[in-house]
1. For the range 65-76, give me each residue that is part of a helix (DSSP H, G or I) and either among the acidic types (Asp, Glu) or within 16 Å of ligand 2 (Cβ to nearest atom) (or both).
2. Of a type in the set (Gly, Ala, Ser) and more than 14 Å from ligand 1 (Cβ to nearest atom): which single residue out of 82, 143, 87, 149 fits that description?
3. Just give me the residues in the range 196-216 being assigned to a loop (DSSP other than H, G, I, E, B) and away from ligand 1 (no atom under 15 Å from the Cβ), in sequence order.
4. Quick check on residue 265: is it on the phi > 0 side of the Ramachandran plot and open to solvent by 30 Å² or more (accessible area, probe 1.4 Å)?
5. Considering 248, 221, which residue is in contact with a Ser or Thr (Cβ under 9 Å, 6 or more places away or on another chain), part of a helix (DSSP H, G or I) and at pLDDT 95 or above?
6. Condition (residue is touching a Gly at 6+ places or on another chain (Cβ under 9 Å) and assigned to a strand (DSSP E or B)) applied to the range 77-84: is it met by at least one residue?
7. Among what's in the range 156-176 and is near ligand 1 (Cβ under 9 Å from one of its atoms) and open to solvent by less than 10 Å² (accessible area, probe 1.4 Å), pick the residue that is nearest to residue 289 (Cα to Cα).
8. Taking the condition out of contact with any strand residue (DSSP E or B) (no Cβ under 7 Å at 6 or more places or on another chain), surrounded by fewer than 20 Cβ atoms within 10 Å (Cβ to Cβ) and under 30 Å from residue 325 (Cβ atoms), does residue 184 pass?
Amino acid sequence: MAVLLTGGAGYIGSHTALTLLEQGEDIVVADNLCNSSEESLRRVQEITGKKLRFYQADVASRSDMEELFSREPIESVIHFAGLKAVGESVEQPLRYYRVNLDCTLTLLECMAGHGVKNLVFSSSATVYGDGRPPFREGDPTPGCTNPYGWTKLMIEQIITDAAAADSGLSAVLLRYFNPVGAHPSGRIGEDPRGIPNNLMPYIAQVASGRREKLTVYGDDYPTPDGSCIRDYLHVCDLAEGHGRALAYARAHSGVEIINLGRGQGVSVLEMVEAWGRANGPIPYEIGPRRSGDIPVSCANVDKARELLGWEARRDVEDMCRDSWNWQRNNPLGYEK
Ligand code: NAD
Ligand code: UD1
């Protein structure tokens, strides 16, 4: 029996594929490569010495997915596929709703048609909006500030409704906080297209000389050093969290929402310092706030500990060291 990873060639999907292969799972990946490269999967197989099966498929396409489900003995699904750039979602809202919702609807229909009952979904801490951190899973989700976030909330609702109508369906909705870092081999990592929006890939590109300096977006927030606080977590911890969530989904039915974070806030300036300790200093300047940023985002991680027996093990310096190891070995990402 196999686990299907939709979007499995991407950043989090490739690290999860690696972890699950190492745990002895049989892995099938469906990805249309719109934001990734098949090279990530080639390297996952090289690192693990194990094979997976790849389908270049549009997860929103019923025919692509029917073909996959009829050929492969899929028993569980981890659903990563979708578009994820917040700013782009504001500029192209219909595309984001179309892709993210259609991928999920097609997937759920194929799962129902083929009797597949276990699902893990990539949601995001963005659904907590500007609520009161540390965020707990039961906190209200009053709405999002961007279409990307809304797609995550809508998909959580769609999966919850599907599970209410099918008592055999089991779903774990994982709300990730800020995934960063890379596999310590330096062979797979985050490969953003164009200028990175997110902090860690930006710092890594400054360190490699591809960007001149980091701009810290605001030092006048109500935080101890004035810069924003986030709950960064190593992508390998996140990948292991998926292994635990999969085991949980297999053993239970119904829907659980679970935060995956470290439960520790780190400010932008603290991250810059940690980078300096791990890899040497990088140039930065203080700039204006970025619109849409909240001062503090941090998880309460009790539920992950209790239900999954999972806790992040890697610290901020591991995140910085592994990001740099990936960046310096692959200055242009998966392109040569
Ligand atoms: P990513 O872009 O690297 O991976 C997503 C993958 O989905 C890509 O490989 C892309 O090619 C694929 N894809 C997109 N549309 C598709 C389609 N129609 N058919 C098939 N494949 C398609 O992103 P990631 O960082 O690995 O994120 C994975 C998931 O986790 C996403 O759903 C994202 O929204 C969610 N998430 C990510 C973060 C983060 O900080 N990276 C935070 C919270 C949630
Ligand atoms: C952003 C998204 C979030 C998404 C996450 C992962 C927004 C508002 N939120 O989260 O929905 O799930 O990415 O893709 O876009 N920073 C700088 N300089 C930079 C880049 C970032 O100071 O060049 C700061 C930001 O202001 C923020 C922190 O670093 O305080 C982290 O930023 P980022 O990595 O973009 O993550 P989030 O904004 O938390």
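1. Initial filter on the range 65-76 (part of a helix (DSSP H, G or I)): 65-71.
Scanning the range 65-76 gives 66, 67.
2. On inspection, the qualifying residue turns out to be 143.
3. Looking only at the range 196-216, we keep the residues that are assigned to a loop (DSSP other than H, G, I, E, B), and these are 196-198, 208-213.
208, 209, 210, 211, 212, 213 - these are the residues of the range 196-216 that are assigned to a loop (DSSP other than H, G, I, E, B) and away from ligand 1 (no atom under 15 Å from the Cβ).
4. no
5. Exactly one residue qualifies, and that residue is 248.
6. So far as the range 77-84 goes, yes, one or more of its residues are touching a Gly at 6+ places or on another chain (Cβ under 9 Å) and assigned to a strand (DSSP E or B).
7. In the first step, residues of the range 156-176 are kept if they are near ligand 1 (Cβ under 9 Å from one of its atoms); the result is 174-176.
Pick out the ones that are also open to solvent by less than 10 Å² (accessible area, probe 1.4 Å) and you get 174-175.
Details: 174: 29, 175: 25 Å.
Among those residues, the one meeting the criterion is 175.
8. So residue 184 passes the test.
The values are calculated or read from the model by the stated rules, or taken from the named source; none is laboratory data. All values derive from a computational prediction rather than experimental measurement. Heads up, the Cβs are rebuilt from the backbone with ideal geometry, glycines too, and the neighbour counts pull from every protein chain shown. Areas reflect the complete protein model, heavy atoms only, side chains present, ligands, DNA and RNA absent. Shrake-Rupley method; radii C 1.70, N 1.55, O 1.52, S 1.80 Å.
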